[in-house]
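Readers should treat all values here as calculations from the given coordinates under stated rules, not as data from a laboratory. On a predicted model such as this, the values are computed, not experimentally measured, just so you know. Neighbour counts run over all protein chains shown; Cβ positions are idealised from the backbone, glycine included.
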Amino acid sequence: MVNNDNLTMSQKEIFRYDIIKRLIRKEINGTKASELLNLSIRQTKRLKLNVMESGASGLVHGNRGKPSNRCIPDLEKKKIILFLNKYYADFGPTFACEKLAEKHKLFRDPKTIRSIMIQKGLWNIKQKRKQQEHRAWRQRRTCFGEMEQFDGSYHHWFEDRGEKSCLLLSVDDATGQITQAEFSENEGVFPVFTFWLKYLEKHGKPLSIYTDKFSTYKMTQKVALENHDLKTQFQRALTELKIEPIFANSPQAKGRVERMFGTLQDRLTKELRLKNISAVLEANIFLQQEFMPKYNQQFGVQARNQANLHQSLSKNEKQRLESIFSRKTVRTVQNDFTISFDSQWHQLTKEQPATVCKRDEVIMEEHLDNSLKISFKGKYLNYKLIPKICKYQKHKQIPWVIAASQIKQPALIQV
């Protein structure tokens, strides 16, 4: 920038002023001047007239040095800064913009809020990511219910107001909508079964479920890779329901649910803070009634085909749901018709709905309500618990070699 008689001009304006002066001195003609300035002849004549009337200032914009007509009023800007510092200091610009409009009726563009946050040190400009491994883009599935991406994320969802918990989440691949979400203690078999039982009651059966190779979902041990009949409880349940399991070889393969966890760790965590929610039960109610409908409306996309490919449960499947979503283990009937399971003996009674022989294999079903049932040929057997036998105290064993110091000599009797 060059300052001449308190007039600030850019290098571009200085160049234009030099060309126009040459045109005025008739060192060049209008055609050559318009060519050098890359302007039309009409525009060049207009600039020449401005310089002749006002000098160099004729090339400077009339609003130079004046406040913009679209700038935020000082009072409103002070309010925005106050609310940002008080409530939304760790929010992203877009999310902060939404909350300012929703809670405080301050309607401004996210770019404007971003600029203010950068000025006040509340937001840092992100650097460009380094070039990563090339991955091919996969088009979304065509219909709702064609494939559900499913995973769990351990995170301090309640920040310092509660313990670390796991969010189980399913995302429809075609629409990008959250179809089911639930906070749980872990990503174990029973929490996952509870999650999908609620999903089926709400939506029906999806055609496929896309998940990772976590131990709950797929066996990765060498013996399992060699024997394809070995399945996890989750695989077995999907097989019984005729739902196709798809296993991703990397987190990027199921990128939609992974990216959504990144978004939720930002947005959902702050929403729970604003609602002062610190318990799993309250959080699950908030998820179902408020957060999910609002999130899906704002970020969901329309599927290429409007068909819903969720399948209704058959009558037989509805009757067997409790059995399907149970942990099943095979045990052998002993000669006295007892069965050992979980450090407890179970005695089969005389009257049974099916004929049971010695050495038959039965299925122990641990249900979600913590009940235990014994299944054989599609029927539940009658049994009773055998009280645990008290362990006898072990007597101290006498060593086979006795130390000389421990040998008692008989007392001498004088006659």
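Which lysines have a Cα less than 23 Å from the Cα of Lys384, not counting those fewer than 8 places away in the same chain?
Output for Lys384: Lys328, Lys350, Lys358, Lys373.
With a cut-off of 19 Å, note down the residues of the range 306-329 whose backbone N falls inside the zone around a label point 7 Å from the Cα of Leu372 toward its beta carbon.
Taking a point 7 Å out along Cα→Cβ of Leu372, the residues of the range 306-329 whose backbone N falls under 19 Å are 323-329.
With r defined as the distance between the Cβ atoms of Ala89 and Lys32 and R0 fixed at 45 Å, what FRET efficiency is calculated, to the nearest 0.05?
Plugging the Cβ-Cβ distance into 1/(1 + (r/R0)^6) gives 0.20.
Counting only other residues whose beta carbon sits under 11 Å from that of Thr179, what net charge do I get with K and R as +1, D and E as -1?
Within the 11 Å Cβ shell, the charges total -1.
First select every other residue whose beta carbon is under 14 angstrom from the beta carbon of Glu76; then total the charges, Lys and Arg +1, Asp and Glu -1.
Every neighbour counted, the sum reads +4.
Find which of His61, Leu385, Ser250 sits farthest along the positive direction of the dipole of the chain, computed with +1 on the beta-carbon of Lys and Arg, -1 on that of Asp and Glu, about the Cα centre.
Highest projection toward the positive end goes to His61.
First select every other residue whose beta carbon is under 9 angstrom from the beta carbon of Leu169; then total the charges, Lys and Arg +1, Asp and Glu -1.
-2
On full extension of the chain, what length is gained from Gln297 through Glu53, given 0.36 nm per residue of separation minus the C-alpha to C-alpha distance?
Answer, rounded to one decimal: 82.0 nm.
Return the loop-located trypsin sites (Lys or Arg not before Pro) in the range 1-64 (DSSP other than H, G, I, E, B) with at most 13 other Cβ atoms within 10 Å of their own Cβ; answer none if there are none.
Taking the range 1-64 and a limit of 13 other Cβ atoms within 10 Å, the loop trypsin sites (Lys or Arg not before Pro) found are Arg25, Lys26, Arg64.
Between Leu281 and Asn382, how high is the FRET efficiency from 1/(1 + (r/R0)^6) when r is the Cβ-Cβ distance and R₀ = 41 Å? Nearest 0.05.
FRET efficiency, Leu281 to Asn382: 0.65.
Using only alpha carbon pairs under 8 Å that are at least six residues apart, calculate the relative contact order of the chain and give it in whole percent.
It rounds to 11 percent for the chain.
Taking Cα pairs under 8 Å and at least six residues apart, what relative contact order does the range 329-370 come out at, in percent?
50 percent.
Please give the peptides 273-283, 88-98 ranked by average Cβ packing (other Cβ atoms within 10 Å per residue), highest first, as a rough proxy for protection.
My ranking of the peptides, most packed first, is 88-98, 273-283.
Fully extended, how many nm does the chain gain between Thr269 and Ser343 (0.36 nm per residue separation, minus their Cα-Cα distance)?
Gain on extension, Thr269 to Ser343, equals 22.4 nm.
Work out how much length Cys71 to Asp360 would gain on full extension: take 0.36 nm times their residue separation and subtract the Cα-Cα distance, in nm to one decimal.
Full extension of this stretch gives 95.8 nm more.
I'd like the FRET efficiency for Arg140 and Lys242, computed as 1/(1 + (r/R0)^6) with the beta carbon distance as r and R0 of 22 Å, rounded to 0.05.
0.40
Return the distance in nm (one decimal) between the two label points of a simple spin-label model at Glu102 and Gln119, each offset 7 Å from Cα along Cα→Cβ.
Result for the modelled spin labels: 2.6 nm.
Relative contact order for the range 60-171: what is it in percent, counting Cα pairs under 8 Å that are at least 6 residues apart?
14 percent
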